[in-house]
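Beneath this line is the structure, given in C-alpha cells, with notes to follow.
The values are calculated or read from the model by the stated rules, or taken from the named source; none is laboratory data. Only a predicted model underlies this, so the values are computations on that prediction, with no experimental measurement involved. No Cβ is skipped: glycine too gets one built from the backbone with ideal geometry, and neighbour counts run over all protein chains shown.
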Amino acid sequence: MNARLVLLVALFVAALTAGAGAGTLRLATWHLELDRDGPGLLLRDLRRGGDPRIKAIAGLISAVAPDVLVVQGVDYDHGLRALSALRDRIAEDGPYYPHLFALRPNTGWPTGLDMDGDGRRGGPRDAQGYGTFSGQGGMAILSRYPLDREGARDFSAMLWRDLPGALLPRWPDGRPFPSQEAQAVQRLSSVGHWVVPLRLPSGSVSLMTYHATTPVFDGEEDRNGRRNHDEIRFWQRYLDGAFGDPPARRFVLIGDANLDPNAGEGRRGAIRALLADPRLRDPLPGRATVAWDETGPLRVSYILPSADLAVADAGIHWPPEDAPDRAEAEAAGPHRLIWVDLTLD
C-alpha cells in the first residue's frame, strides 16, 4: 500500500472514530529526542525512511494509541513540515492525527548577547533557549480532536524577571548574571509555555504544556537550575491568576519538567509544590519516566489533570524484558511514553 493510500485510509478511519469513546480521553506525552544538528535534517530523515529510532517511536505510539500526544524534542519549521511528516509516519502504523499545533520555540532564538557569561556571543547557550539553530528541539501537540488555535495562549515571550519572585542568577559579588543587559531580554521559557484548549464533544479541556530546561550544565551561579525552578513555578502563579484568568476547570498540565522531586540534581521545591497543589492530581506518583545511563531512572515527564477530572487509568509504556516489543522500546531512546485516561461527562 503506497503512502498516499495509507493516509487516505487513516483519514477515513479517523472520521469514523472521532465520536467513538467520546467519554474517555487518552492523553500522552513523550520526549522523543528527534532534534537534529541543522535545519531541515529531521524532515529529510522522515522522508527518507529507514531510521530505526523513528520506526521504533512510531511503533510504540501505535501500541498506546493516544487521542492527544504532546511531544518534545521535535525540530520546528514555519510550515510544520517536519511535524506533518512525523504525523504521517505514525499513521503508517497507528493513529492519524488530523490536528497539529506548534509555535516557534525559544530554542536557538538569537539574542546577540552573551547569555551564559563565557565572554562570547553567538553560541547555542546565547540563544533564548539552548539551540544551535532557531527551532531546534521544539515541542508540539498532535490530536484526533480539534485544537482551538484562536483561544490558545502563548507565554513564551514573557521575561524571566517578570515572574513574581523570580530566582534570577547573580555573580558572587551580587551583580546580575551574566549582565543586566542580558536579564533585560532573557525569556523565562527555554522552549515554551502554552495553554491550548482542546475541543471535545463534552466541552473544552485546556492543555497547559511546556518543556523546562535541564537544571545542570552551568556554574556556581546555577543559571539553569534557577530557570528550571521558575519554569515549573510559573504554572502555580498562572493558576493563581498572575497572568490573566486561568481555566476554572478541566485542565491538564502535561510536559517535561526535566526534574525529579526526589532524586538527581536541581531545585526540587518547585516540582514538589506543584505535585502537592490541591488543584492538580497525580495519577503516576513516584514512577520513573526516563532512564539515563549517568543517573539511572528519574521522573521528569508529567501529566497532572485538574482535580475535577476523573482519572480512569494511567501508565508508562515500558514492555517487560521478555516482551516482543522490548527491543523496540529500548531503540526509541531513554525517555518513556506516559499516558493518562480521563473519563469525561
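Of note:
- Restricting attention to region 299-345, the residues being over 20 Å from Pro278 (Cα atoms) and acidic (Asp, Glu) number 6.
- Inclusion of Val340 among residues that are touching a residue at least 40 places away in the same chain (Cβ under 8 Å) and in a strand (DSSP E or B) is warranted.
- Test: residue in region 256-270 that is modelled with pLDDT of 95 or more and farther than 23 Å from Trp30 by Cα: yes
- Out of Arg250, Arg268, one residue alone is on the phi > 0 side of the Ramachandran plot, out of contact with any His (no Cβ under 6 Å at 6 or more places or on another chain) and either hydroxyl-bearing (Ser, Thr, Tyr) or surrounded by 15 or more Cβ atoms within 10 Å (Cβ to Cβ) (or both). It is Arg250.
- Residue match in region 97-113 (condition: farther than 25 Å from Thr214 by Cα, assigned to a loop (DSSP other than H, G, I, E, B) and of a type outside the set (Val, Ile, Thr)): yes
- For region 261-285, the set of residues classified as touching a residue at least 24 places away in the same chain (Cβ under 8 Å) and either of a type in the set (Gly, Ala, Ser) or within 21 Å of Glu330 (Cβ to Cβ) (or both) consists of Ala263, Gly264, Gly266, Gly269, Ala270, Ala273, Leu284, listed by residue number.
- Of all residues making up region 95-106, the number that are surrounded by fewer than 18 Cβ atoms within 10 Å (Cβ to Cβ) and in contact with a helix residue (DSSP H, G or I) (Cβ under 9 Å, 6 or more places away or on another chain): 2
Here's the yes/no breakdown for (1) of a type in the set (Ser, Thr, Tyr); (2) over 23 Å from Arg233 (Cα atoms); (3) in contact with an Asp or Glu (Cβ under 9 Å, 6 or more places away or on another chain):
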site: Arg287; (1), (2), (3): no, no, no
site: Trp292; (1), (2), (3): no, yes, no
site: Gly296; (1), (2), (3): no, yes, no
site: Asp308; (1), (2), (3): no, no, no
site: Glu321; (1), (2), (3): no, yes, no
site: Pro324; (1), (2), (3): no, yes, no
site: Gly333; (1), (2), (3): no, yes, yes
site: Ile338; (1), (2), (3): no, no, no
site: Leu344; (1), (2), (3): no, yes, no
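- Search result, residues across region 187-200 that are over 15 Å from Gly108 (Cβ atoms) and of a type outside the set (Lys, Arg): Leu188, His193, Trp194, Val195, Val196, Pro197, Leu198, Leu200
- Residue within region 107-117 that is in contact with a Gly (Cβ under 8 Å, 6 or more places away or on another chain), of a type in the set (D, E, K, R) and crowded, with 20+ Cβ neighbours inside 10 Å present: yes
- Filter result for the condition that a residue is in contact with a Ser or Thr (Cβ under 7 Å, 6 or more places away or on another chain), under 17 Å from Asp116 (Cβ atoms), of a type in the set (D, E, K, R) and modelled with pLDDT of 95 or more, over Arg170, Arg227, Arg175: Arg227
- Residues (touching a residue at least 40 places away in the same chain (Cβ under 8 Å), of a type in the set (Ser, Thr, Tyr) and either more than 27 Å from Asn106 (Cβ to Cβ) or in a helix (DSSP H, G or I) (or both)) located in region 23-82: Thr24
- Within region 274-306, being exposed (fewer than 13 other Cβ atoms within 10 Å of the Cβ) and at pLDDT 90 or above holds for Ala276, Pro278, Pro285, Gly286, Trp292, Gly296.
- Any hit, region 231-249, residues being within 18 Å of Ile303 (Cα to Cα), without any contact (Cβ under 8 Å) to a residue 60 or more places away in the chain and among the basic types (Lys, Arg): yes
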